[in-house]
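First comes the structure, then the notes that go with it.
The values are calculated or read from the model by the stated rules, or taken from the named source; none is laboratory data. Remember, predicted model here, so these are calculated numbers, not experimental data. Here the Cβ is made from the backbone with ideal geometry for all residues, glycine too, and neighbour counts use every protein chain on show.
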Amino acid sequence: MGRQLTISCFRYNPNIPGDKPRMQDYKLEEYEGMTLFVALNDIREKLDPTLMFDFVCRAAICGSCAMLINGRPRLACKTMTRTLPSRFTVMPLPVFKLIGDLSVDTGTWFRDLQVRAEAWIHTNKKFDFNALEVRMDNKIAEDIYDPEQCIECGCCVANCITANIRPDFIGSTGINRLYRFLIDPRDERTDAEYYEVIGNEDGTFGCVGLMACDDMCPKEIPLQENLAYVRRKMAAAGLKLTFQGVKIS
């Protein structure tokens, strides 16, 4: 016999008139190899089919099942129940729009982020469909691969003080995204052009440096190093523009 788990879940459906936020307890018997993802599915299949939460891959590569587990943003599919006390709480991620219960809309937030950060290769070169791929140095490719591992789960955003008080802050995930293009030799933007995008309090200078994002990344992306690199580059770009007499908005 496994432990008796009591999972206290946040419940609230904003689409139901009169519904109010509350916590609801569910009791389950724990078994070997159980993850929170499995436990929540057991609840929905056996106890309460109305419980809302998101999942897709159950392999920690889609980011859909991120939620606050005992107050810490984590992936449900990567969290073994044996690492938790017999009674624990599960709540939706802050910052993002609540869909219902444990489900939040990260898709719209990340879509807006990609547009604001102009997160694509900027080049004036005309694409040739018949040409061979441009070869890249292995070291550069590996450096680009690190920030590309972001699965847009939102854990770093939910754990960020600035993102929780400033809705326009692009967060460490946005700065990490720009870092990926800053080190990509195919991107032809100048540091000054990058500065126009993230050289402000909604970008790299909005980070207060507590690095809670780095602590919570389920893919262990070196966010602290990446954010420091971008901040140094943007600080240098800002100083250069100032000395050139360019008005910085």
Q.
Being surrounded by fewer than 19 Cβ atoms within 10 Å (Cβ to Cβ) and closer than 30 Å to residue 48 by Cα is true for just one of 154, 71. Which residue is that?
A. 71
Q: Among the candidates 141, 131, single out the residue that is loosely packed, with under 15 Cβ neighbours inside 10 Å, of a type in the set (Gly, Ala, Ser) and under 30 Å from residue 56 (Cα atoms).
A: 141
Q: Answer with yes or no whether residue 93 is in contact with a strand residue (DSSP E or B) (Cβ under 6 Å, 6 or more places away or on another chain), in a loop (DSSP other than H, G, I, E, B) and not charged (D, E, K, R).
A: yes
Q. Give me the pairs: first residue in region 122-147 and modelled with pLDDT of 90 or more, second residue outside any helix (DSSP H, G or I) and of a type in the set (A, V, I, L, M), beta-carbon distance under 6 Å, and six or more apart or on different chains, which are they?
A. 143/183
Q. If you check residue 65 against the conditions, is it modelled with pLDDT under 95, within 16 Å of residue 153 (Cβ to Cβ) and not assigned by TED's automatic domain parsing to the domain that holds residue 215?
A. no
Q: Could you list all residues from region 30-52 that are of a type in the set (Asp, Glu) and modelled with pLDDT of 95 or more?
A: 30, 42, 45, 48
Q) Any idea how many residues of region 51-90 are in a strand (DSSP E or B) and out of contact with any Leu (no Cβ under 7 Å at 6 or more places or on another chain)? A) 7
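So that you can scan it fast, the table gives a plain yes or no per residue for (1) in contact (Cβ under 8 Å) with a residue 24 or more places away in the chain; (2) in contact with a strand residue (DSSP E or B) (Cβ under 6 Å, 6 or more places away or on another chain); (3) under 28 Å from residue 217 (Cβ atoms); (4) surrounded by fewer than 17 Cβ atoms within 10 Å (Cβ to Cβ):
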residue	(1), (2), (3), (4)
9	yes, yes, yes, no
25	no, yes, no, yes
37	yes, no, yes, no
47	no, yes, no, yes
58	no, no, yes, no
84	yes, no, yes, no
97	no, yes, yes, yes
(Q) Looking only at region 157-169, count every residue that is assigned to a loop (DSSP other than H, G, I, E, B) and within 17 Å of residue 221 (Cα to Cα) and tell me the total. (A) 2
Q) Which helices (runs of 4 or more DSSP H) does region 171-221 wholly contain that include 3 or more residues that are within 25 Å of residue 138 (Cβ to Cβ)? A) 171-182
Q. Quick one: in region 227-242, which of the residues that are surrounded by fewer than 18 Cβ atoms within 10 Å (Cβ to Cβ), among the hydrophobic types (A, V, I, L, M, F, W, C) and at pLDDT 90 or above is nearest to the chain's Cα centre (by Cα)?
A. 228
Q: May I ask you to list the residues in region 146-156 that are in a loop (DSSP other than H, G, I, E, B) and of a type outside the set (D, E, K, R)?
A: 149, 150, 151, 153, 154
Q) Restricting the search to region 17-32, which residues are within 14 Å of residue 5 (Cβ to Cβ) and either outside any strand (DSSP E or B) or β-branched (Val, Ile, Thr) (or both)? A) 30, 31, 32
Q) Quick one: is residue 113 part of a helix (DSSP H, G or I), over 28 Å from residue 198 (Cβ atoms) and touching a residue at least 60 places away in the same chain (Cβ under 8 Å)? A) no
